[in-house]
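Take a look at the structure set out below.
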Amino acid sequence: GAGTRLRPLTSLCPKPLCPVGDRTLLDWSLGAVAPLGLDVAVNVHHGAAQIVDHIDALARPVVTHVSHAQDRALGTAGAIGRLRDWLGGRGALVVNADTWHRADLAEFLSGWDGERVRLLSSSPLPFGPGSGVVASIVPWSAVEHLTDEPTWLWEVLWNAESAAGRLDAVHHRGVVVDCGTPAAYLAANLAWSGGESVLGAGATVDGSLTRCVVWPGSVVAAGEVLVDAVRADGLTVLVR
């Protein structure tokens with residue numbers, strides 16, 4: 001999607017490339033799956049060129065396939081449907097590139113029965129937009145029925161599996177932040193830092209900061225007093 005709720009930050013870059021702590025949201029997601037030794041596909045739509053450039057510049061290649069949803073955003077289920085041929089009979093571990101967490105996905109994968117839909121979440125049932133979902137495992141028996149129409153996993157899979165008593169739900173007790181709004185994005189950064197302001201590489205701060213994020217290369221001039229704010233390439237987003 002276009003990350004409209006996170007504007008104006010997403011007028012500068014796609015949401016997955018917004019930094020949390022010392023890396024982008026996309027890098028957090030790739031870092032969570034890289035140790036698992038799996039083939040990794042990234043679905044791109046809004047800001048696709050910037051995301052592909054970022055992937056190409058990674059020092060340690062992780063991504064093995066890029067799926068281009070050029071005409072429209074596909075949602076989590078539609079994106080997997082687009083990948084059916086690439087998956088070729090395999091199940092899929094699905095993570096979102098706009099969710100910050102420190103969950104151990106190897107532990108989440110361990111003991112999966114290979115048949116049931118498994119979900120790692122910090123929220124109780126039922127599921128819907130805004131649920132604290134960290135990751136999901138979608139077996140091939142479910143993948144093969146998905147289409148590349150714009151749909152969401154909670155809409156076409158998770159709720160039905162839960163209602164039928166088939167969902168293998170795993171509770172994650174750590175912090176999970178869906179970085180969809182400036183307030184949530186700031187909260188993710190402060191969770192990473194333990195409450196201290198976060199300064200990106202090359203940021204210059206001569207003013208005063210309290211619970212702020214300053215993007216790489218951005219400037220806070222002498223005399224400026226920022227509280228609960230994001231400074232990004234000349235933009236200032238105040239979080240109320």
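The values are calculated or read from the model by the stated rules, or taken from the named source; none is laboratory data. A quick note: this is a predicted structure, and the numbers were derived from the prediction, not measured. Cβ: placed from backbone, ideal geometry, glycine included. Neighbour counts: every protein chain shown. These accessible areas exclude ligands, DNA and RNA; they are computed on the full protein's heavy atoms, side chains included. Shrake-Rupley method; radii C 1.70, N 1.55, O 1.52, S 1.80 Å.
Residue-by-condition table, conditions (1) at pLDDT 95 or above; (2) farther than 28 Å from ALA184 by Cα; (3) out of contact with any Pro (no Cβ under 7 Å at 6 or more places or on another chain):
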| residue | (1), (2), (3) |
| --- | --- |
| LEU38 | no, yes, yes |
| ALA48 | no, no, yes |
| HIS54 | no, no, yes |
| THR64 | no, yes, yes |
| THR99 | no, no, yes |
| PHE127 | no, no, yes |
| GLY130 | no, no, yes |
| VAL133 | no, no, yes |
| ILE137 | yes, no, yes |
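Scanning region 157-175 for residues that are of a type in the set (Val, Ile, Thr) and open to solvent by less than 60 Å² (accessible area, probe 1.4 Å) turns up just one, VAL170.
Do we have SER141 as small (Gly, Ala, Ser), surrounded by 15 or more Cβ atoms within 10 Å (Cβ to Cβ) and either free of Cβ contacts under 8 Å to residues at least 60 places away in the same chain or closer than 28 Å to ALA77 by Cα (or both) here? Against the criterion (small (Gly, Ala, Ser), surrounded by 15 or more Cβ atoms within 10 Å (Cβ to Cβ) and either free of Cβ contacts under 8 Å to residues at least 60 places away in the same chain or closer than 28 Å to ALA77 by Cα (or both)), SER141 does not qualify. Where helices (runs of 4 or more DSSP H) fall wholly inside region 39-114, the ranges with 3 or more residues that are farther than 22 Å from VAL134 by Cβ are 48-56, 84-87.
Cβ-Cβ contacts under 8 Å between residues 6 or more apart (or on different chains), taken from a first residue in region 216-230 that is under 13 Å from VAL198 (Cα atoms) to a second residue that is surrounded by 13 or more Cβ atoms within 10 Å (Cβ to Cβ) and of a type in the set (S, T, N, Q), are listed as LEU226/SER208; LEU226/THR236; ALA229/THR236; VAL230/THR236.
Quick one: in region 166-181, of everything that is within 20 Å of ARG240 (Cα to Cα) and either aromatic (Phe, Trp, Tyr) or assigned to a loop (DSSP other than H, G, I, E, B) (or both), which residue is farthest from the chain's Cα centre (by Cα)? Taking the candidates together, the pick is THR181. None of ARG72, ARG5, ARG82 is out of contact with any helix residue (DSSP H, G or I) (no Cβ under 7 Å at 6 or more places or on another chain), open to solvent by 30 Å² or more (accessible area, probe 1.4 Å) and under 23 Å from LEU190 (Cβ atoms) except ARG5. Just to be sure, is ALA184 in a helix (DSSP H, G or I), of a type in the set (A, V, I, L, M, F, W, C) and either within 26 Å of PRO8 (Cβ to Cβ) or free of Cβ contacts under 8 Å to residues at least 12 places away in the same chain (or both)? Against the criterion (in a helix (DSSP H, G or I), of a type in the set (A, V, I, L, M, F, W, C) and either within 26 Å of PRO8 (Cβ to Cβ) or free of Cβ contacts under 8 Å to residues at least 12 places away in the same chain (or both)), ALA184 qualifies.
Residue-level analysis places PRO35 among those that are out of contact with any His (no Cβ under 8 Å at 6 or more places or on another chain), assigned to a helix (DSSP H, G or I) and open to solvent by 80 Å² or more (accessible area, probe 1.4 Å).
Restricting attention to region 179-201, the residues being open to solvent by 60 Å² or more (accessible area, probe 1.4 Å) and not aromatic (Phe, Trp, Tyr) number 4.
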